[in-house]
Amino acid sequence: MSEPIRAVRGMNDILPDEAERWEILEEKLRDWLRSYGYRNVRTPILEPTALFRRAIGEVTDIVEKEMYSFTDELNGESLTLRPEATASVARAATEHSLLYAGPQRLYYIGPMYRHERPQKGRYRQFHQVGAEALGFSGPDIDAEMLLMCARLWDDLGLAGVRLQLNCLGSAAERLVYRETLVEYLQKHAVDLDEDSRRRMHGNPLRVLDSKNPAMQALVERAPRLLDSLGGESLRHFEGVQAALKDAGRSFEINTRLVRGLDYYNLTVFEWVTDRLGAQGTVCAGGRYDGLFEQIGGKPTPACGWAMGIERLVSLLDDAGERTVPDVYLVNQGEEAARVAIRIAEALRDAGLSVVQHCGGGSFKSQMKKADASGAPVAVILGDDEVRAGEAGVKALREEREQERVPFQRLPEAISDLLLAGGDDGR
């Protein structure tokens, strides 16, 4: 017998019990995003490799080591499974002239791909929800994106999620700071790890993002980018902070926060928690005013964030929450099996969710399955009931007498039981 085929390492199956939790969360996310005026956009999973090389930056972990790229044998084009979606949204907005009608608030939900070492909270196929505000230049949209995240944590009941902020200034300001930082790093080259020595000239700001514990003291003593910023950048950053203070939301300034993608400018932020171990970032983002030009579009101010759905799911304390049907339809006997399908469809027409038992089995075994389904009501069909034009209706979550109900009254009788159960707090 041949070896069984298994999923690709780091790309996980999401089985029904967990998938139901995902569905519940995704419904909440969509409602929340719509309440702020964000509209859904869906971009391809495959994009030209050049899109990410231009947008993210050549000297980044994602482009250097993590992208799933390959050459299309039919036309020789280099393609990449998207490692993130902001570049894709910017490409779509440029290609389809979405901003012709004015600024856009957009959101996406879907899988991303990075060839990383799989560990809890970090997978090779992972899922993100993200929001992109395109065409807005002021600090007010930065603040809105932060405040909407704060509202989500409140709505989901997530405590201990902290906001860290920094400002990267403009490209010109970063160029000046870059020279100061490189000079500092060169003086301490002997203390740099291999990655930092490699990045020192290609992308020195990424040295500040080093997770190597041996590098932290050196990073803490490095010159601060904030000290190199001009009045315009500082006013923008102060505007973001003022809006957060006015809304009563706390935050901390993290001058070492630079993010791992080259397209960011001005505001950058991370929402972090201590409940996820080493993978403590729940949501991250910032402003990326130069991205559209980098990929061949017109200058466009923009701001956005992305959050990992796997990490959100792991933070939620609703492990027992699952979707349950209103009715489990038990049927035994040849006539009952034929009628059961029609009864189930009629109940669904009435707006009820129904699981119809299939595959036969004794009445006792079917009732066990009905109880395990979580359904509050069982509808019971046997040949005798069918000949009488009736069905048994039994409450499964409370002590009530089973009753016989004519087929035409089933939706009403079931709805009454469901309402009565709700009144009891069930």
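The values are calculated or read from the model by the stated rules, or taken from the named source; none is laboratory data. The structure displayed is predicted, hence computed values, not measured ones. Note that each Cβ is placed from the backbone with ideal geometry, even for glycine, and that neighbours are counted across all protein chains shown.
Tabulated values for the structure
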item	result
Failed item in (1) over 29 Å from ALA90 (Cα atoms); (2) in a strand (DSSP E or B); (3) not aliphatic (A, V, I, L, M), with THR267 passing the rest	(1)
Condition met for ASP371 (over 37 Å from the mean Cα position of the chain (by Cα), over 17 Å from ARG342 (Cβ atoms), assigned to a helix (DSSP H, G or I) and acidic (Asp, Glu))	no
Matching entry among GLN332, GLN356 (being surrounded by 17 or more Cβ atoms within 10 Å (Cβ to Cβ), under 25 Å from GLU20 (Cβ atoms) and without any contact (Cβ under 8 Å) to a residue 60 or more places away in the chain)	GLN356
Test result for GLU73, part of a loop (DSSP other than H, G, I, E, B), under 21 Å from the mean Cα position of the chain (by Cα) and in the same structural domain as ARG114 (by TED's automatic domain parsing)	no
Set ALA143, ALA133: member being out of contact with any Phe, Trp or Tyr (no Cβ under 9 Å at 6 or more places or on another chain) and hydrophobic (A, V, I, L, M, F, W, C)	ALA143
Some residue of segment 83-105 being in contact with a strand residue (DSSP E or B) (Cβ under 6 Å, 6 or more places away or on another chain), surrounded by fewer than 23 Cβ atoms within 10 Å (Cβ to Cβ), touching a residue at least 60 places away in the same chain (Cβ under 8 Å) and part of a strand (DSSP E or B)	yes
LEU51 being in the same structural domain as ARG122 (by TED's automatic domain parsing) and not in a loop (DSSP other than H, G, I, E, B)	yes
Enumeration of residues in segment 124-175 that are under 30 Å from VAL8 (Cβ atoms) and either at pLDDT below 90 or among the basic types (Lys, Arg) (or both)	ARG124
Single residue of segment 1-38 satisfying the filter (assigned to a helix (DSSP H, G or I) and aliphatic (A, V, I, L, M)) that is nearest to MET145 (Cα to Cα)	LEU33
Test: GLY382 is over 35 Å from the mean Cα position of the chain (by Cα) and surrounded by fewer than 17 Cβ atoms within 10 Å (Cβ to Cβ)	no
Set ARG287, ARG275, ARG311, ARG259: member being in contact with an Asp or Glu (Cβ under 7 Å, 6 or more places away or on another chain) and not assigned by TED's automatic domain parsing to the domain that holds PRO411	ARG287
Residue count for segment 255-275, restricted to those that are buried (at least 22 other Cβ atoms within 10 Å of the Cβ) and among the polar types (S, T, N, Q)	2
Residue, farthest from LEU347 (Cα to Cα), within segment 386-416, restricted to residues that are aliphatic (A, V, I, L, M) and outside any helix (DSSP H, G or I)	LEU396
